[in-house]
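Comments concern the structure below.
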Amino acid sequence: MSQPPLSGIKVIDFTGVQAGPACTQMMAWFGADVLKVERVGVGDVTRRQLRDIPDVDALYFTQLNSNKRSLAIDTKTTEGKEVMEKLIRDADVLVENFAPGAMDRMGLGWKHLHELNPRLIFGSVKGFNDDSPWSDLKVYDNVAQCAGGAASTTGFWDGPPTISGAALGDSNTGMHLLIGILTALMARQKTGVGQKVSVSMQDAVLNLCRVKLRDQLRLERVGYLEEYPQYPNGTFGDTVPRGGNAGGGGQPGWVLKCKGADTDPNAYIYFTIQEQNWARTCEAIARPEWVDDPAYATAEARQPHIFEIFDEIENWLADKTKYEAVDILRRYEVPTAPVMSMKEIAYDPALRASGSIVEVAHKQRGTYLTVGSPVKFSDFTPQITGSPLLGEHTDDVLTELGYNPEAIADMHAKGVV
Ligand code: COA
């Protein structure tokens, strides 16, 4: 392919932290011209958060803002707003994830944006949707994980609601927004008119929790959930309990200990007992006698003593590393994988070869490691480049907009840029 898929699409990235930047970063990977608009002298807060090198953009920022340009401008000044409005007139997409009401307070609400440029697509992330009683709240990832149903269903039954390490509230919402924006771009091809696309973090988390909602409805009808550890020996209340590491589908599974777990906290695999593969599973773990034993032969018969079965499998795993175990189990088509530590992920040669983990150049850092595109195309390979320094492209952008060097110098002197 000569041109990246989104080449020619101009995106104003008026976002911060993670949800918005994750969305616009993916647009940039796919070829859009993404201009990050940031506060003068401050920038996206993540530039300074959890820094590992003094005075150098934090990895939090660099990992969410690759392939972008940066314009530092005070959009609350008359001149700054004028620049913003020029950009808007010429853009295809504007994405923001400020606190509720911030865009209106800046005089850049949807009605005004639509008047300035009827073709513009306006992508917006908030913690809660407009109809929510909590629509005025500021929200970060974990807040959304709690509000969207993920936390109440994650963790162990004897512990508190638990947050996932995966950014279900943040990056996940950004991905939902991206789907919405691309859909609106397709709609615009037919109508010529842009629209506002809103995604709330609560809704985006909920969209990933649909099997838990399924379980709530099942629980209300039959009073128990047969694939949960609480069945049949424990008790159920009136809401979906935390199921530990139980599988969410109809196939029981659990995280099982392997050789080395005494010293390595991640020496585990996830083991799934696939109903249609029971005979081969028994063969794999050297328990052929279980195939026809009435206490083991059906899922129903196994469930009352499923943890004894997992204990037996752990005994089989005791002299095998997680990688050795997976190598044996794959031959018997057992759905399994090692629990990968972040260190293993960072240095995994296969993830590097596929471009899912990449090392990119950065003006201050030399290089940095980051997550590459999880989306693979047959006719296009995203090229990941480093994140911009704060205001690195301010003068270029102002020149492109027609400002002469004197006007640009004047804006610098006044602190507008
Ligand atoms: N020039 C001038 N002012 C600017 C600016 C610029 N270039 N860019 C932003 N600002 C202003 C905003 O207008 C806002 O001003 P106001 O408070 O007077 O209206 C101010 O900077 C701060 O905005 P914001 O970053 O939204 O506030 P915050 O740091 O207090 O809150 C969040 C951060 C993330 C909690 C909040 O933005 C939020 O809830 N966002 C929606 C949900 C979300 O995306 N959460 C984060 C997921 S990663």
Somewhere in region 82-95, is a residue open to solvent by 30 Å² or more (accessible area, probe 1.4 Å) and within 30 Å of Trp134 (Cβ to Cβ)?
no
Output the residue which, of all residues in region 14-47 that are among the polar types (S, T, N, Q) and not in a helix (DSSP H, G or I), is surrounded by the fewest Cβ atoms within 10 Å (Cβ to Cβ).
Gln18
Working only within region 49-67, note down all residues that are within 15 Å of the ligand (Cβ to nearest atom) and part of a loop (DSSP other than H, G, I, E, B).
Gln49, Leu50, Ala58, Gln63, Leu64, Asn65
Looking for something open to solvent by 80 Å² or more (accessible area, probe 1.4 Å) and in a loop (DSSP other than H, G, I, E, B) - is there at least one such residue anywhere in region 332-343?
yes
Any chance Val11 is open to solvent by less than 50 Å² (accessible area, probe 1.4 Å), within 10 Å of the ligand (Cβ to nearest atom), in contact (Cβ under 8 Å) with a residue 60 or more places away in the chain and among the β-branched types (Val, Ile, Thr):
no
Give me the pairs, please: first residue somewhere in region 306-327 and part of a helix (DSSP H, G or I), second residue anywhere and open to solvent by 10 Å² or more (accessible area, probe 1.4 Å) and polar (S, T, N, Q), beta-carbon distance under 9 Å, and either six or more positions apart or on two chains.
Lys322/Asn266; Ala325/Thr336; Val326/Thr336
Identify all residues within region 68-91 that are assigned to a loop (DSSP other than H, G, I, E, B) and either under 24 Å from the mean Cα position of the chain (by Cα) or more than 22 Å from Tyr403 (Cα to Cα) (or both); write none if there are none.
Lys68
Scan region 73-86 and tell me whether some residue there is more than 11 Å from the ligand (Cβ to nearest atom) and among the hydroxyl-bearing types (Ser, Thr, Tyr).
yes
Scanning region 98-126 residue by residue, the ones that are more than 9 Å from the ligand (Cβ to nearest atom) and part of a helix (DSSP H, G or I) total 7
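The values are calculated or read from the model by the stated rules, or taken from the named source; none is laboratory data. Values in this document were obtained by computation on a predicted structure and should not be read as measured data. Backbone-built Cβ (ideal geometry, glycine too); neighbour counts: all protein chains shown. All accessible areas refer to the heavy atoms of the entire protein, side chains included, with ligands and DNA or RNA removed. Shrake-Rupley method; radii C 1.70, N 1.55, O 1.52, S 1.80 Å.
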